[in-house]
1. Scan the stretch 15-62 for residues that are in a helix (DSSP H, G or I) and charged (D, E, K, R) and jot them down.
2. List pairs: first residue in the stretch 11-40 and within 13 Å of residue 53 (Cα to Cα), second residue of a type in the set (Val, Ile, Thr) and modelled with pLDDT of 80 or more anywhere in the structure, Cβ distance under 7 angstrom, at least six positions apart or on different chains.
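The values are calculated or read from the model by the stated rules, or taken from the named source; none is laboratory data. For clarity, every value in this text was computed on a predicted model and none was experimentally measured. Backbone-built Cβ (ideal geometry, glycine too); neighbour counts: all protein chains shown.
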Amino acid sequence: MVLLHHYQPNRAQLGLKTLESSLPEALVGEVMDVFQYITPTDHPIAAQLIIKRVNAEKEWMLSLLNKEDYANIQPFLEKIVTRFRS
């Protein structure tokens, strides 16, 4: 629901019910792809798709943090994206 908060903050609490009508079409496709691959067999594919989106939204997410939180979260986020990027 982080994507909803970014693209449609006033609709973020509605969750999955509002994805298709609130996010850009390309992002809806990405989210649906993740849902398709959330299975025991295809979990690594879902994880890669999530990492790709986290990397794309990283600067926006970090921009919401105060200095102290940024100092703690930014290195962790970078490590996750770097470690799990394909």
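1. Narrowing the stretch 15-62 to residues in a helix (DSSP H, G or I): 15-22, 25-37, 43-62.
Selection gives 17, 20, 25, 30, 33, 52, 53, 57, 58, 59.
2. 34/50
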